[in-house]
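S.K.: Quick one: the structure is below, and I'll ask about it shortly.
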Amino acid sequence: MTSKELMERRNRVLPKAMYTTSTLNAASAKGAVFYDAEGVEYIDFSGGIGVLNAGHCPAPVSRAIAKQAQTLMHTFFNVLTHEPYVLLAEKLVEILPHGEATKVMFVSTGAEAVENAVKIARQATGRQGIICYTGGFHGRTLMGMSLTSKVSYKTGCGPFAPEIYRLPFPDYYHNGHGQAFDAFVEQELENFKKYLSTVVAPDNVAAVILEPVQGEGGFYIVPPRYLQGLHEICKQHGILLILDEVQSGFGRTGKWAAYEHYGVIPDISTWAKSMGSGIPIAAVMGKAEVMDKALPGTLGGTYAGNPVACAGALASIEYMQQIDINRKGEQVGQTLLNFFTKLKKECPAIGEVRGLGAMVAIELVKNQNPNLPDPDLTKNLVAACAARGLFLISAGVYGNVIRVLCPLVISQPMLKKGLEIMREELLKLS
Ligand code: PMP
């Protein structure tokens, strides 16, 4: 089928809401590139939105999936235990300990991981309220949408889940207003404390959920002192801290978990995306004493921890360990940060360059004003780069952020080739 035919046929049978932000298609892929139906090569700076840290189709993962599919393709884990589930759980506990004793359970998507994290937090505390943040993204299920900030992800989909409370994200770029950074962070922590007196009482709050680096929101990074201070406040009030690592995990920031940069260990964490290199699997992890508070019968699902998914994810993690994915994340991040910091000096449309490890983004604004987003320039840049064989994706509540989520196995020459295309097109368009 040609690319044109594929799009026409797609539009005939798919609802309009299943839109794509580009007119490209992928017929095959390897490493950091994909090929369309005509065999045209694209450098992939989207990485399946953070799924492909280990690259497209890593051979050990493909092999493990094929082998498991021929041995045991399915049991319903709630009724029949299988080995790949336990091996994967042990591997995660080994690389991501949550204190002295850690427990883990599997589901199929990031949104489901968030749903289950909330179910566990509510059972563990006997409380209902969940505090989340502006710009946060936590999935497309009812709870996921309720916790998600961007309005266009949920227009007309309500009513949303009750007992959700939202605070402004500690975003210095937009809300710092010339204040010293440290003073801004202290003020945001004070605002959190006030919130517990003016909006919701702490003994009604089960958990606070946030992404250490907001993904869909536009790669805003939680200031270290804020997360540490928030953790302290949560501990004082018996509120659980849930960190959503669905996009930031597995080497993206140069560590298995972005929270490792902060010296904070959450009570509960959520994982998906690059854990399985493309196979649908997600995890909820947490301190054993918290995880064990959820009652038997309240967690599970037909495909949750399916043997093929577990075998694929185990091979994916072992492969990432073998190639030292965290080192690769650091290296890719360094190249991105250096390149964009230099480019910002030539290009006034770049309002801010920010990043943690390889989770690096540029924000495009008018007149160097953080509050004048430039989504049109962003869209035009994405289209111009696609025409030259570089696949980019945007992010941000206003759609004015370009985030790089390229596979971390990308070679330095290919990474630089992609960045050079971006540079030339941005300078032409701005
Ligand atoms: N949390 C975060 C931080 C995410 O980035 C995403 C997906 N972009 C999700 C949750 C939802 O994951 P999924 O699409 O697998 O349901």
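The values are calculated or read from the model by the stated rules, or taken from the named source; none is laboratory data. Since we're looking at a predicted model, the values are computed, not measured. Here the Cβ is made from the backbone with ideal geometry for all residues, glycine too, and neighbour counts use every protein chain on show. What goes into the accessible areas is simple: the full protein's heavy atoms, side chains included, and nothing from ligands, DNA or RNA. Shrake-Rupley method; radii C 1.70, N 1.55, O 1.52, S 1.80 Å.
S.K.: I'm checking a number: the convex hull volume of the Cα atoms of the chain, normalised per residue, in Å³. What is it?
M.R.: Working: hull volume 63.5 nm³, N = 430.
Considering the Cα atoms of the chain, their hull volume per residue is 148 Å³.
S.K.: By how many nm would the segment from residue 298 to residue 152 lengthen if fully extended, with 0.36 nm per residue of separation less the alpha-carbon distance? Please report the intermediate quantities before stating the final value.
M.R.: On the way: separation 146, 0.36 × 146 = 52.56 nm, distance 3.14 nm.
This chain segment gains 49.4 nm when fully extended.
S.K.: For the range 15-133, how many pairs of lysine residues have a Cα-Cα distance under 22 Å, where the two are 8 or more positions apart or belong to different chains? If you can, show how the numbers build up before the last one.
M.R.: Numbers: 30/67; 67/91; 91/103; 103/119.
The result is 4.
S.K.: Percent of accessible area on the chain owned by carbon and sulfur, 1.4 Å probe? Kindly include the intermediate steps, with their values, before the conclusion.
M.R.: On the way: 10310 of 18430 Å².
C and S atoms contribute 56 percent here.
S.K.: Also, quick follow-up: Is there a quick way to get the dipole size of the range 345-430? I mean about its Cα centre, with the Cβ of Lys and Arg at +1 and of Asp and Glu at -1; what is the value in debye to the nearest 20?
M.R.: Numbers: 10 positive and 8 negative charges, 34 e Å.
It works out to roughly 160 debye.
S.K.: DSSP beta bridges in the chain, what fraction antiparallel, as a percent rounded to 5? List each step's numbers first, then the result.
M.R.: Details: 32 of 48 bridges.
Percentage antiparallel, nearest 5: 65.
S.K.: How would you rank 19-30, 124-135, 239-250, highest first, on the average number of other Cβ atoms within 10 Å across their residues?
M.R.: Details: 19-30: 13.4, 124-135: 20.7, 239-250: 28.2.
So the order, starting with the most tightly packed, is 239-250, 124-135, 19-30.
S.K.: Placing unit charges on C-beta atoms (Lys and Arg positive, Asp and Glu negative, everything else neutral), compute the dipole magnitude of the chain about its Cα centre in debye, rounded to 20. Write down the numbers at each step before the final one.
M.R.: On the way: 40 positive and 39 negative charges, 148 e Å.
It works out to roughly 720 debye.
S.K.: Keeping all protein chains in place, calculate the accessible area per residue for the range 30-88 (probe 1.4 angstrom), answer in Å².
M.R.: Solvent-accessible surface per residue comes out at 49 Å².
S.K.: Where does each of 384-395, 200-211 land if you order them by average Cβ count within 10 Å, highest first? Could you put the intermediate results ahead of the total?
M.R.: Numbers: 384-395: 19.0, 200-211: 20.8.
Per-residue mean Cβ counts within 10 Å order the peptides as 200-211, 384-395.
S.K.: Can you compute the charge dipole magnitude of the range 249-360 about its Cα centre, using +1 on each Lys and Arg Cβ and -1 on each Asp and Glu Cβ, nothing else charged? Give it in debye, rounded to the nearest 20.
M.R.: Numbers: 11 positive and 9 negative charges, 81 e Å.
Dipole magnitude for the range 249-360 comes out near 380 debye.
S.K.: While we're here: Given R₀ = 41 Å, FRET efficiency for residue 177-residue 24 by Cβ-Cβ distance, to 0.05? Intermediate values should be presented prior to the final figure.
M.R.: On the way: r = 40 Å, r/R0 = 0.98.
The calculated FRET efficiency here is 0.55.
S.K.: Moving on. When the expected Rg is taken as 2.2 N^0.38 Å, what fraction or multiple of it is the alpha-carbon Rg of the range 1-96? Can you show the working numbers first?
M.R.: Values: Rg = 18.1 Å, N = 96, 2.2 N^0.38 = 12.5 Å.
Against the empirical 2.2 N^0.38 Å value, I get 1.45 for the range 1-96.
S.K.: I'd like the distance separating the alpha-carbon centroids of the range 65-117 and the range 306-356, in whole Å.
M.R.: What the calculation gives is 25 Å, centre to centre.
S.K.: Order these peptides, 152-164, 284-296, by their mean beta-carbon neighbour count within 10 angstrom, highest first. Show your work: numbers first, answer last.
M.R.: Details: 152-164: 11.5, 284-296: 18.3.
Result, highest mean first: 284-296, 152-164.
S.K.: In Å², what does the accessible area per residue of the range 288-430 work out to with a 1.4 Å probe? Present the calculation step by step, with values, prior to reporting the outcome.
M.R.: On the way: 6050 Å² over 143 residues.
Using a 1.4 Å probe on heavy atoms only, each residue of the range 288-430 averages 42 Å².
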